[in-house]
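What follows draws every value from the coordinates through simple rules; no lab data is involved. Keep in mind that what you see is a predicted model, and the values were worked out from it rather than measured. We place every Cβ from the backbone using ideal geometry, glycine too, and count neighbours over all the protein chains shown.
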Number of protein chains: 2
Amino acid sequence: MGLDPGRRSIGARRNPDSADAILDAAEAVLVEAGYSGFSIEAVARRARAGKPTIYRWWPSKAALLFDLYQRLKRVDYPDTGNLEDDLVGFLKSLFSHWRETSSGSIFRSLIAEAQSDATVAAVLAEYTKGRHAHTGQMIERAKARGEVAADVDSTLVADLVASFAWTHLLTNRLDEDETTLRRAVGYLLKGIEADDAGSVDAAAVRRRRRRVVGRTTR
Amino acid sequence: MGLDPGRRSIGARRNPDSADAILDAAEAVLVEAGYSGFSIEAVARRARAGKPTIYRWWPSKAALLFDLYQRLKRVDYPDTGNLEDDLVGFLKSLFSHWRETSSGSIFRSLIAEAQSDATVAAVLAEYTKGRHAHTGQMIERAKARGEVAADVDSTLVADLVASFAWTHLLTNRLDEDETTLRRAVGYLLKGIEADDAGSVDAAAVRRRRRRVVGRTTR
DNA sequence: TGCACGAAACGGACCGTTTCGTTTCGTCGA
DNA sequence: TCGACGAAACGAAACGGTCCGTTTCGTGCA
């Protein structure tokens, strides 16, 4: 929370009831009216608060959304000793959290807001960097167990996983069943290439990489 | 274009110059002022057109954006005979198209707009479904060549590839070099799991799939 | 004569800010 | 110990501004 930055001496303190009422109202407005109906005026009305009070503590609509999101966000980064289960568990946890709380709407709104406000984009980038680090650790653990190749870029893998989650959030597809999640994770872990004949050994299969420069046709 | 639906008899026809001027102005405004500055008023001002003229032909800001996007969109779906090259080529083509024309800004705006307007979301979903079909065909071709396992869900793979593209668009990361793209595609094609010892054959490596039910810990 | 056009204006919503009177709460002196 | 004082936060109202989507008007083309 952006509380009490430049307090000098005496005077009334920030009213925590008011702050709570505003956050509660913000969440309610977002859920009931959606992102398009989410305005500072609407939040103030609902919270029976003055607009200046909101602007005093939150510099922008996005700051309010961020506080709102962090008030809810609790997602598991499982550690089962098996990367597939870790990733599937993470996605399941994230999707249901987004689905069943207002977190989904909030995060969607933040991403949308970031498209028209560079400041929000920067903060969001910082935030997701931290999140990717968590996911990356799951992969690094698997690497340490010898489950994942040593030269794998765990940041990039985390990026791929998060991308999947983001797009499904943005396109209202948070209802994927576990089978689909497991399949998607499976592709990432084991690839989609055919096993060829059973006689060819693994290394050879993977080494068969044509580096054709590939003039792209229309 | 949403042109001339209920024309009855005589009278002045739609002025194509005006339509072009509006689309040109819309593109210019979007590029110069960004999505936050992209308003019907601004477009009308720039095009020296009346707002009613715009509203007459485009029911919403999003419809204008769609027309704008389709005026530019030309992306390659390469067919090199090798899936990795196809996918990398596709991503390269898409990223550079988004980067070097106004397409990127336009599509970003469309996605953002879809977050606050269900109609736009529906149209966008329809559109992307068509695009995924194109990507899916690349995978199906590879399947026909025996390059990809027969039971792979090509729609889901297309979804993963598109997700990567979307997030990079939305987070201003369209400048990935070919190496990174190739790596990302490689993970999807070949997986990230370790090859284990060189002695183990491919099928065995891939068959070693632990289906642990995996109680997720905190 | 019918329709598209540009221009102007409409009421309404929201923006971010300012003004006002009130309330809350440290502080300091009596 | 207590009450006056002042700084700061508060709710309410109003500001000028922008944009929304619509209506009205006069002009011009077919």
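Observations on the model:
- The tail of the calculated P(r) for the range B:71-191 beyond 26 Å holds 20 percent of all Cα-Cα pairs.
- Summary for B:Tyr127: label point 7 Å along Cα→Cβ; distances to the equivalent points in the other copies, ascending, 2.6 nm.
- Other-copy label distances relative to B:Asp177, 7 angstrom Cα-Cβ extension, nm: 4.5
- Span-rule helices in chain A, defined as complete DSSP H runs reaching 18 Å or more along the axis (Cα) with Kyte mean at least -0.5: A:16-33, A:83-100, A:118-144, A:154-170
- Partner aspartates and glutamates for A:Lys129 [C-alpha distance under 13 Å; skip if fewer than 8 residues away on the same chain]: A:Asp159
- Comment: the Cα-to-Cβ extended label point of A:Lys73, at 7 Å, lies 3.2 nm from its counterparts in the other copies, nearest first.
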